[in-house]
Amino acid sequence: MSRLPPSVDPVTVEVIELIGTVVARCHEEYDRAAAAHGLTGAQARLLALLALEPTPMRRLAHRLRCEPSNVTGIMDRLVARGLAERRTDPADGRVKIAAATERGLHTAKTLRTSLGFARAPLAALHPAERAALRDLLRRIVDAPADLPAPRPEPGGAEPDGPDGPGPGGAEPGGAAAGRAAQAG
């Protein structure tokens, strides 16, 4: 006998749809910004990762959720344009590390600063609202993918209802805020 999935409340459906819309808009703008630099969206995303730190090719494939051979092709085009380079890992000569060149770092920074889609709407939020949004998004990103959906508590109260966050809730200045500040 199979279990039926719990019903999803309308607010959850709306949040999922809104997140999808935000993601689609971000991809559209990212692709436009990349094209202004003569890059594809995939090349720009790889360059953005390389600008964070030199990374083994397999890890890049994992982060981009694609096959290593796809990353190799994208990397070849970045190398040909002088935006990236391959290095041998000093700890393991069998491993290739991909890294952004100085030109690649500059291009990645220019790309990042040219993304304006969310800048104006986010600027309209109070700093505390932006921090709360960041913390909530961090909770979503950090949550294990296989967690069951929260069920309403006895008496009809939602887990994150008017009494505050449920178990493991984000508190201002908590671990999520610290991680976001370090990543920022």
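The values are calculated or read from the model by the stated rules, or taken from the named source; none is laboratory data. Everything quoted here is computed from the prediction, not taken from an experiment. Because the Cβ atoms are built from the backbone with ideal geometry, glycine has one as well, and the counts that use them run over all protein chains shown. Areas reflect the complete protein model, heavy atoms only, side chains present, ligands, DNA and RNA absent. Shrake-Rupley method; radii C 1.70, N 1.55, O 1.52, S 1.80 Å.
Under 5 Å from the amide H of PHE117 lies no amide H of any residue 5 or more positions distant or on a separate chain, with H modelled from the backbone and absent for Pro and chain starts.
Treating only the Cα positions of the range 51-128 as identical point scatterers, give the base-10 log of I(q)/I(0) from the Debye formula at each q in 0.23 Å⁻¹. Each listed q corresponds, in turn, to -1.07.
Anisotropy class assigned to the range 41-88 is rounded, per the alpha carbon gyration tensor with a/c under the 1.5 cut-off. Ligands, DNA and RNA left out, the 1.4 Å accessible surface of the range 77-117 is 54% carbon and sulfur atoms.
Taking only the C-alpha atoms of the range 1-142, Rg followed by Dmax gives 18.8, 59 Å.
The Cβ shell under 10 Å around VAL71 holds other residues with a net charge of +1, Lys and Arg each +1, Asp and Glu each -1. Considering only LEU64, ILE74, THR110, the residue lying farthest towards the positive end of the dipole of the range 62-111 is THR110, judged by Cα position with unit charges set on Cβ. With all protein chains kept in place, the per residue accessible area of the range 1-100 amounts to 67 square angstrom at a probe of 1.4 angstrom. If R0 is taken as 30 Å, the Cβ-Cβ distance between ALA120 and ALA143 corresponds to a FRET efficiency of 0.55. Length gained on full extension, ILE16 to ARG94: 23.8 nm, using 0.36 nm per residue less the C-alpha separation. Taking all Cα-Cα distances within the range 1-81, those exceeding 19 Å account for 54%.
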